[in-house]
1. How many residues are in a loop (DSSP other than H, G, I, E, B) and of a type in the set (Val, Ile, Thr) if we restrict to region 1-44?
2. Quick one: how many residues across region 167-191 are open to solvent by 40 Å² or more (accessible area, probe 1.4 Å) and in contact with a Leu (Cβ under 7 Å, 6 or more places away or on another chain)?
3. Report every pair of residues separated by at least 6 positions or lying on different chains whose Cβ atoms are under 8 Å apart, first residue within region 223-250 and within 16 Å of Ile127 (Cβ to Cβ), second in a helix (DSSP H, G or I) and of a type in the set (Val, Ile, Thr).
4. In region 47-81, how many are at positive phi and either in a helix (DSSP H, G or I) or more than 34 Å from the chain's Cα centre (by Cα) (or both)?
5. Would you tally the residues in region 103-129 being surrounded by fewer than 12 Cβ atoms within 10 Å (Cβ to Cβ), over 30 Å from Asn168 (Cα atoms) and either at pLDDT 90 or above or within 26 Å of the chain's Cα centre (by Cα) (or both)?
Amino acid sequence: MEWYTIGEVAKTCNVPIRTLRYYDDIGLLTPDRIAPESNYRYYSVESIRKIPLIKYYKQLGFKLDDIRQMLERSNFEVLEDYMAKELLMVERQMAELQKKHFAIKEWQRLLKQGETLLATPRKDKDIEIAPFPQYRTLKFHYEISDPQAANIEVLYSNVLVGLCNQHNVFAYGPFMLFFEDFDQRINHTFTSVDCYTAVIEDEANAALTTGVGGFQAISVVHKGDYSTLSDTYRKVQHWAQEQDIPLQGASYERYIIDPWSTAVSDNYVTELILPIGGTDYV
């Protein structure tokens, strides 16, 4: 039988000697013979043939412990079992990557929408009646002890991101806040707020999600710092009175460009959505 030194194997198979020694330490690929007088390691052709398999299995994502069992090749069932398990794991990873891809694309689309809105001059006719699309969302109800001090734009994002991480839910698109009384929002006297984020729904998280939207509302885009939101609210309220359009009194704030996207508060873009009351607008 022909024997090959560890150096020859390393050169032939393009594997560092330290890697071959590590494989020996963990029992993945042990020398076939060790010379007692020199302690040199020698490998057979059969052992060398295993090295491309190790490289290939590693490329596919198999763990070294699994590869050690697969290299025995005692029967097809062992390989089929490991292949089936790895295939299931890869399919799960693919599904998660698809969700990540969709979420990133949606955030990119939202940013472009915000940039377009920022570049569009303000007009009085920007106030309009429009359907508020229905979203499947993760919802969180937040009780606020001191509305004057509450920075809800920070609170909602911290809470909802924590929930998404906890339940492995992928959020996409804008975060939204709901106020039962927009007068309280304007005057900073509200004591609670509902926080929403659109999420990619699947069987695993269906029980966690809730629907929001799906109704007619007055919509207007507010550009700039949140400190001037009340001016836009009053503008919408005055417009609704002039048009004789009843309002329910509640409001949603849809954050298109916010502190997540820019450090310049003058570039914030927030859509105010005020649900319309009365049967004529259902």
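1. Adding up the residues that qualify gives 3.
2. Of the residues in that region, 1 qualify.
3. So the pair list comes out as Leu229/Ile186; Ser230/Ile186; Tyr233/Ile186; Arg234/Ile186.
4. 1
5. Qualifying residue count, region 103-129: 3.
The values are calculated or read from the model by the stated rules, or taken from the named source; none is laboratory data. Values in this document were obtained by computation on a predicted structure and should not be read as measured data. In this analysis, Cβ positions are derived from the backbone assuming ideal geometry, glycine residues included, and neighbour counts consider all displayed protein chains. We work out accessible area using only protein heavy atoms, side chains counted, and drop any ligands, DNA or RNA first. Shrake-Rupley method; radii C 1.70, N 1.55, O 1.52, S 1.80 Å.
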